[in-house]
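Report on the structure given below.
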Amino acid sequence: MKLLTAPASPFGRKVKVVAIEKGVTEMMAFVAVATTPPTPNEQLSRDNPLAKIPTLVLDDGRSLYDSFVICDYLDTLHSGEKVIPAAGARRWEVLTVHALGSGMSEAAVLCRYESVLRPEALRWPDWLSGQMKKVVGGLDWLEANVAVIGNARAADADLGQIAVGCALGYLDFRFADLGWRATRPALAGWFMEFSERASMQRTMPTA
Ligand code: BEZ
């Protein structure tokens, strides 16, 4: 199977981290695709009508998207601890932390598009600051609730932790000036430990 993604994408990184954590990378080829909303990649559009990365093309030609669906699928390919707990209170915590981390990534990517892709004359500062407020609100919640994310050095990372790790990694990559660590020491400590995982080291974002 083939993962279509981009080296800067926090959503593609989330899928790659899950694949590494769960030992399924040997079943996968990783294909870099350049696509943006105004210039969608043609091949990607054939595999996913939304023309969004990441998209996983299975060996029989069927496609899976979005990143959550792909991670859920990868979880069926191994017999270890699942990244998405099947049941119990922890399932709802993990899914909600995942939604928060992915929502922060989405808002940050929209800010990046707004600041870099959109022609200057069409930019809308209030929209940009509304998206950035989501990022900052997520950071503040995570700082106050770092215990909910769970042990960064646990043998088995879950999908909530991975989504938060990829969101923070994307902020460092594209929004280093935000300086989010300055007022969030607990989250900074958590991320420092989580970043030591081989899966995170091997998937650092690049342009
Ligand atoms: C970026 O260059 O920041 C980016 C590229 C692809 C997806 C998301 C973000």
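In this calculation the C-beta distance from Leu50 to Val148 is compared with R0 = 35 Å, giving a FRET efficiency of 0.70. A cut-off of 5 Å between modelled amide H atoms, ignoring neighbours fewer than 5 places along the same chain, links Phe30 with Leu3. Working from label points 7 Å from Cα in the Cα-to-Cβ sense, the Thr183 to Trp124 distance is 2.7 nm. How high is the FRET efficiency from Ala86 to Asp172, r the C-beta distance, R0 35 Å, rounded to 0.05? Approximately 0.60, to the nearest 0.05. Taken over the chain, the alpha-carbon convex hull comes to 121 cubic angstrom per residue. Taken one residue at a time, the phi angles of the stretch 190-207 give Karplus couplings (6.51, -1.76, 1.60, θ = phi - 60°) of 4, 5, 4, 5, 5, 5, 6, 4, 4, 5, 7, 4, 7, 10, 4, x, 9, 6 Hz. Gly and Pro are set to x. Counted over the chain, the DSSP beta bridges are approximately 55% antiparallel.
For the stretch 132-184, count the residues as N, evaluate 2.2 N^0.38 Å, and divide the Cα radius of gyration by that value, please. Please report the intermediate quantities before stating the final value.
Values: Rg = 11.4 Å, N = 53, 2.2 N^0.38 = 9.9 Å.
Compactness ratio reported: 1.15.
The label point for Val69 and the one for Ala32, both projected 7 Å from the Cα toward the Cβ, are 2.7 nm apart.
Each reported figure results from applying straightforward, stated rules to the coordinates on display, with no laboratory input. Given the structure is predicted, the values throughout are model-derived calculations rather than measurements. In this analysis, Cβ positions are derived from the backbone assuming ideal geometry, glycine residues included, and neighbour counts consider all displayed protein chains.
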